[in-house]
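In what follows, a single structure is set out as structure tokens and then discussed.
Readers should treat all values here as calculations from the given coordinates under stated rules, not as data from a laboratory. From a predicted model like this one, the values you see are computed outputs, not experimental measurements. FYI the Cβ positions are ideal-geometry reconstructions off the backbone, even for glycines, and counts take in every protein chain you see.
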Amino acid sequence: MSAARRGLRLVLLLFLFALAALAYLFQRLEHPPRAPGPDSVTLFFPSGTPTAEIFRVLQAQGVVENGRIAEIYYRVMRSASPLQAGEYRLARPMPIDELIDRMARGDVVRHTVVVPEGLTSDETFELFLAQGIGGPKSFARALKATDLLPGIAFGVPDLEGFLFPDTYLVTRSTTARQVVEKMLGEFHRRFTPDLREKAQALGFSPWQAVVLASIIQKETGIRSESRLVAGVYWNRLKKRMRLQADPTVVYALKKDGKWTGTLYRSDYAYDSPYNTYLNDGLPPGPICNPGFEAIRAAVEPEKTPFLYFVADTSGRHVFSKTFEEHVQAVAAIRHARMAASAAETPPPLQ
């Protein structure tokens, strides 16, 4: 056999060996052996994470068997599919092409955040922070971006009251500003031109309507009472009576870090522009982020002769036309509460 033929055979054997090695490596990439530990892992790759670091973490967490080989495969065969930043829930292990496809699509974990009606902005942001979304400083900045709601939040210091309560789908890559934009978008959608016209007919700006709605929201969680509560407040405003809304006192105490969890008689004298027992008209801003029913009640108040109301033992309210009737209602409810408390107290030991 000539040297040329021996050389050709050697090259062919090397080529076949290399082909077999590549086939074996690809087989291992597509069908990696099962790693000990849990079936899946959740990983977060911030924006700007280097490709080499991504594959290093994937190997360390058992998603790929060999991060270096997986990276080489990606760079040679799949570099046209950029890997997206974000939070991923990945199987351990995972076929390389399925992994790349998932990360190229940005198939990230989506978090459901349920925002109840009546929370303050700080309480609302805590729900997102608990899911790892945004940061305290970025939320504080986003809250002051009143330019995000032109024509409605004009001239107000922040967006308190306009963060609409709803269920939101977000990811770890969603910024604080994007969260606020989502909530403002939902507010704008629900606070329709028709409702704005109704507010204007009552002599209220959209912002004033939201301020009143926030008080209504905190006063009653019973939807059937919302318009009646609104009617009482509108009656008091027209008569230039102070609103005397307990939730405004609670908000003032919370805002100044002095809320103890119980509202005492002495708290009604707390010096704050939000205290509607001391100040005429509406407080200087919303005391929470109201829901749709409270907003609608604020601009569609029920026509009523009532000027007073007090919560009874069931969580509903007793409404009164005069102060004398109100005093009697308060006394009756207080008596009912004392009787209920006495009935629940166990008898003394003999």
Separation of the Phe323 and Arg56 label points, Cα + 7 Å toward Cβ, nm: 7.5
message: Could you identify which residue out of Trp234, Trp259, Trp207 has the top mean-square fluctuation in a GNM of the chain using Cα springs shorter than 10 Å?
response: Trp259
task: Order the peptides 64-70, 219-225 from the highest to the lowest mean number of other Cβ atoms within 10 Å of their residues.
output: 64-70, 219-225
query: Excluding same-chain residues fewer than 8 positions from Lys255, which aspartates and glutamates have a Cα within less than 15 Å of its Cα?
result: Asp122, Glu123, Asp158, Glu160, Asp246, Asp267, Asp271
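Using a Förster distance of 35 angstrom, determine the FRET efficiency expected from the C-beta separation of Lys254 and Leu43, and round it to 0.05.
Numbers: r = 38 Å, r/R0 = 1.09.
E(calc), rounded to 0.05, equals 0.40.
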- request: Please sort by residue number the trypsin sites (Lys or Arg not before Pro) in region 235-340 whose DSSP state is loop and whose Cβ has at most 16 other Cβ atoms within 10 Å.
  value: Lys239, Arg240, Arg242, Lys258, Lys303, Arg316, Lys321
field: Separation of the Asp194 and Leu263 label points, Cα + 7 Å toward Cβ, nm
entry: 3.3
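Using square roots of five times the C-alpha gyration tensor eigenvalues, list the equivalent-ellipsoid semi-axes of the chain in whole Å, biggest first. Present the calculation step by step, with values, prior to reporting the outcome.
Numbers: eigenvalues 832, 117, 48 Å².
Sorted largest first and rounded, they come to 65, 24, 15 Å.
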- request: With a length cut of 27 Å (Cα positions projected on each helix's long axis) and a Kyte-Doolittle mean of at least -1.0, go through the chain and give me the DSSP H helices that pass.
  value: 3-30, 323-344
message: What number do you get for region 110-190 when its Cα radius of gyration is normalised by 2.2 N^0.38 Å, N = residues?
response: 0.99
- line: Simple SL model, points at 7 angstrom along Cα→Cβ for Gln244 and Ala91; separation in nm is 6.8
- request: Check the straight Cα-Cα distances from Lys258 and name the lysines below 22 Å, setting aside those fewer than 8 residues away within the same chain.
  value: Lys218
